[in-house]
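Participant: I have a structure I would like to understand better, so I am pasting it below and will then ask my questions one at a time.
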Amino acid sequence: LDADKGAPTIFDKIINKEIPSNIVYEDEKVLAFRDINPQAPVHVLVIPKSRDGLTELGKADPRHEEILGQLLYAAKIVAEKEGILDGFRVVINNGASACQSVYHLHLHVLGGRQMKWPPG
Ligand code: 5GP
């Protein structure tokens, strides 16, 4: 686990293309790529290219409002590109008790199968 939540994460290497990823969508501020351990036929992570203190959603402050909106809209673009607009889920795991493992804010976009509710 990433004990130092301010430390660089694997996502920095993905952003910098130091390690490969399967990119689904990219713009100036946002990167979306396939999760390496998919939990559904479609499982894409949407991240800000600049973490800017957003190790987790709970660290957001007013200066992050714009990027938070951009991330959520990018999730919709990803769902559209992946053909799952009729049914998809967007998840943010915040903190260890919610199973967050990478401390660089990310939205999970999941779909392509019947999703269960409530989640575990
Ligand atoms: P979390 O548990 O923090 O909400 O989600 C982190 C996600 O990042 C996990 O679903 C995990 O599979 C994914 N992940 C971790 N390392 C890598 C990697 O190197 N490449 C990709 N594409 N996904 C990763």
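Participant: Can you list residue pairs whose Cβ atoms sit under 9 Å apart, with the first residue in segment 81-108 being within 13 Å of the ligand (Cβ to nearest atom) and the second being basic (Lys, Arg) and part of a helix (DSSP H, G or I)? Count only pairs 6 or more apart in sequence or on different chains.
Facilitator: Final answer for the pair search is Val90/Lys76; Leu105/Lys59.
Participant: Which ones in segment 80-120 are among the charged types (D, E, K, R), closer than 26 Å to Lys13 by Cβ and not in a loop (DSSP other than H, G, I, E, B)?
Facilitator: Lys81
Participant: Looking at Ile47, Ile19, Ile77, which is the one that is over 20 Å from Pro119 (Cβ atoms) and assigned to a helix (DSSP H, G or I)?
Facilitator: When all the criteria are applied, what remains is Ile77.
Participant: Which count do you get for residues in segment 1-11 that are within 11 Å of the ligand (Cβ to nearest atom) and either surrounded by fewer than 17 Cβ atoms within 10 Å (Cβ to Cβ) or assigned to a loop (DSSP other than H, G, I, E, B) (or both)?
Facilitator: Number satisfying all stated conditions: 4.
Participant: Restricting attention to segment 22-42, which residues are crowded, with 19+ Cβ neighbours inside 10 Å and either outside any strand (DSSP E or B) or within 7 Å of the ligand (Cβ to nearest atom) (or both)?
Facilitator: Within segment 22-42, Phe33 is the sole residue that qualifies.
FYI, it's all coordinate maths here, none of it is from the lab. Just so you know, these numbers come straight off a predicted model, no measurement behind them. We place every Cβ from the backbone using ideal geometry, glycine too, and count neighbours over all the protein chains shown.
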